[in-house]
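The values are calculated or read from the model by the stated rules, or taken from the named source; none is laboratory data. Everything quoted here is computed from the prediction, not taken from an experiment. Don't worry about glycine lacking a Cβ; one is built from the backbone with ideal geometry, like all the others, and counts go over all protein chains shown. The protein model used for the area step is the full one, side chains on, heavy atoms only, and it has no ligands, DNA or RNA in it. Shrake-Rupley method; radii C 1.70, N 1.55, O 1.52, S 1.80 Å.
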Amino acid sequence: MTLMNVLVDFARTGRIGPLHCGMPLTEAEDLLGPGRPHPAHVMKGPDIDGYPYSWKGLQLVVTQRAVSGIWINLWPGSTAKLPPLVLPDSESFEATVLREDLVTALNTAGCQHEVNPVLTFGEQSSIRTQPAEVRAVFSLPGRDHHVPHRDRHYLAVMHKHTA
């Protein structure tokens, strides 16, 4: 399994393996182990909504103790980590994904997508997949990103959330 396989499967299904929006946080923690809650959860208690629980490069947004959002965060030009449930047999991986490489992989897999005008502006662009409604946000690299092409868009985050 490669990072690109994980990204394409997520884009097509809106799921990452057994992880999906609507599942109880306790079920997600049974699969992933205890997450690192956002400091607001620690300060205000577990019933606060909208702040993420983190497992390396994976974040789950929690509303009423259920998963309401799934995020994969990437840092172009670096090595990142995802939990083994998400990317088996990989302690770390190259987190640099060019926009055109992801679009090609989606096309090859038959995953329909369109420009997401809400998140396309300035130096960033975004696509939204159909029917899963997963969003991929790309941007030009920042000065701290060590990438070969400074003028191309790299994947920064893929996410899905419930309405």
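Dividing the alpha-carbon Rg of segment 29-163 by 2.2 N^0.38 Å yields what? Segment 29-163 yields a ratio of 1.12. On a 0 to 90 degree scale, rounded to 10, what angle separates helix 3-13 from the longest Cα axis of the chain? So the inclination is approximately 70 degrees. With contacts taken as Cα pairs under 8 Å at a separation of at least 6 residues, segment 10-93 carries a relative contact order of 25 percent. Note on surface exposure: LYS56, LYS81 rank LYS56, LYS81 by accessible area, highest first, 1.4 Å probe.
Among HIS149, HIS159, HIS20, the order of accessible area from largest down is HIS149, HIS20, HIS159, computed with a 1.4 Å probe on protein heavy atoms.
Counting only heavy atoms of the protein chains and using a 1.4 Å probe, ARG135 has close to 40 Å² of accessible surface. The angle between the Cα long axis of helix 99-108 and the longest principal axis of the Cα atoms of the chain comes to about 80 degrees, rounded to the nearest 10. Rounded to the nearest 500, the 222 nm mean residue ellipticity of the chain from helices alone is -6000 deg cm²/dmol, with -39,500 (n - 2.57) taken per DSSP H run of at least 4 residues. When the chymotrypsin sites (Phe, Trp or Tyr not before Pro) in segment 57-163 are filtered for DSSP coil states and for at most 11 other beta-carbon atoms within 10 Å of their beta-carbon, no site remains. Take every pair of alpha-carbon atoms less than 8 Å apart whose residues are at least six positions apart; their mean separation over the length of segment 87-146 yields a relative contact order of 21 percent. Note on the chain: with a GNM built from Cα contacts shorter than 10 Å, the maximum mean-square fluctuation among PRO24, PRO83, PRO117 falls on PRO117. Taking only C-alpha pairs under 8 Å that are 6+ residues apart, what is the relative contact order of segment 34-163 in percent? Rounded, it is 20 percent for segment 34-163.
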